[in-house]
Amino acid sequence: MRRRRPDMASRVARPENPMASNPRVSVVIPTYRRPELLQRAVRSVLAQTFSSLEVVIVDDNGSGRPQQTRTQRLLTETFDDPRIRYIINHGEGGGSGARNTGIHHATAPYIAFLDDDEDWEPEKLEMQVALLDSAAPDVGVIDAGFLDHKADGRIRTVRPKMQGWILERLLRKTGGRAPKLSTLLCRREVFDTVGAFDTSLPAREDYDLYIRIARHFRFESVMKPLANKRSDAEQRITGDINNFIEGFEGVYRKIIPDLRTRPKTHATYLLKHAEILALGGQREAARQKYLQAFRLWWFNPRLFPYGLRILRKP
């Protein structure tokens, strides 16, 4: 993980206007080595039917490095919109650190996130803001569906599965669709209450955040697909199994007090943990997690199918 000394962020100077100075939504877009894809993401935000927004682009390429100067140049040449704020990240690096920098510089009461390789449908913010405006104060997050664009041309529609007080469902998640960063709209109070992203986690930092939010706020959803997950990203953190193992273990250490009071949920989490370890070639550690899950819940119906995947010879 790259760590840099905190410093004042820089921005591309833009003319002021009332819409840019008092936005209702701050859209935080961290970017790293994908300037061309970033342009698509930014266009989708500027094309929103809800226009009271600012786009907080956090460049995590490192000040003065070729990718940073290229990203800044492309943005300057492509866009002339006072709602865009370009910030070079001088804090902690990585996606979590860049998002935290974006949260720090966001000025609006609502905050949304967009990965630089994804994009939104035009009505995304309009529909979510309307729902959050009318929601009770204990609703902290509005989720939405998304379209999953596969490399072979197939498009899968994915709709939200978790609504209301979702902590229990998050802890025992064994499949299906949890919230997704690029589909969320959050109240600023959420981060004032639970904190921002945990930069010590190399993966699953979003899952960790959802759990912390779910202890204090309800989640509601727009069922319509309002974002696009694309297959043309060069690299996703979940593609690195070692990072994913480390992230899984880091989250496990944080939620162990919750799991100890829920032995069946604990057993199911350990099975998923064992499966990830097995995928990473750590078969003895996977076997130990599997046996621990077995001792917690002998009659877990997932023991057999997970056992086939975890205990079989590679």
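Just so it is clear, none of the values below were taken in a lab; they were calculated from the coordinates. Fair warning: this is a prediction, and the values are worked out from it, not measured in the lab. Don't worry about glycine lacking a Cβ; one is built from the backbone with ideal geometry, like all the others, and counts go over all protein chains shown.
Between residue 231 and residue 308, the FRET efficiency estimated from the beta carbon spacing at R0 = 22 angstrom works out to 0.15.
Using Cα pairs under 8 angstrom and six or more residues apart, how large is the relative contact order of the range 18-237, in percent?
Working: 442 pairs, mean separation 55.1, N = 220.
About 25 percent, as a whole number.
Per the Kirkwood formula applied to alpha carbons, the range 24-68 shows a radius of gyration over Rh ratio, Rg over Rh, of 1.03.
Over the range 122-263, the hull volume per residue, using the convex hull of the C-alpha atoms, is 126 Å³.
In debye to the nearest 20, how big a dipole does the chain give about its Cα centre with +1 on each Lys and Arg Cβ and -1 on each Asp and Glu Cβ?
On the way: 52 positive and 39 negative charges, 318 e Å.
Once rounded to the nearest 20, the dipole reads 1520 debye.
Compared with the rule-of-thumb size 2.2 N^0.38 Å for a compact globular protein, the range 92-152 has a Cα radius of gyration ratio of 1.35.
Less than 9 Å Cβ to Cβ from residue 211, Lys/Arg counted +1 and Asp/Glu -1: what total charge do the surrounding residues give? Charge balance in the 9 Å sphere: +1. Pairs of Cα atoms nearer than 8 Å and 6+ residues apart set the relative contact order; for the range 238-311 it is 31 percent.
Please report, in debye to the nearest 20, how large the charge dipole of the range 238-311 is about its Cα centre when each Lys and Arg carries +1 at its beta carbon and each Asp and Glu carries -1 there.
Working: 12 positive and 6 negative charges, 72 e Å.
The dipole magnitude comes to about 340 debye.
Secondary structure note: in the chain, about 35% of the DSSP beta bridges are antiparallel.
One quarter of the convex hull surface, Cα atoms only: what value does that give for the chain in nm²? Show your work: numbers first, answer last.
Details: hull surface 68.2 nm².
That works out to 17.1 nm².
When shorter helices are ignored and each DSSP H run of at least 4 residues is given -39500 (n - 2.57), the per-residue value for the chain at 222 nm works out to -13000 deg cm²/dmol.
Pairs exceeding a 29 Å alpha-carbon distance, out of 124/254; 173/289; 150/180: 124/254. Annotation: amide H-H contacts under 5 Å for residue 28 (H modelled 1.01 Å from N, sequence separation of 5 or more, or interchain): 56, 112, 113, 114. Out of 219, 96, 244, whose Cα points farthest toward the positive end of the dipole of the chain (charges: +1 Lys, Arg; -1 Asp, Glu; placed on Cβ)? Of 219, 96, 244, it is 244. The distance between label points at residue 24 and residue 46 comes to 2.2 nm (points 7 Å beyond Cα on the Cα→Cβ vector).
Counting only the Cα atoms, the range 75-206 fills a convex hull of 161 Å³ per residue.
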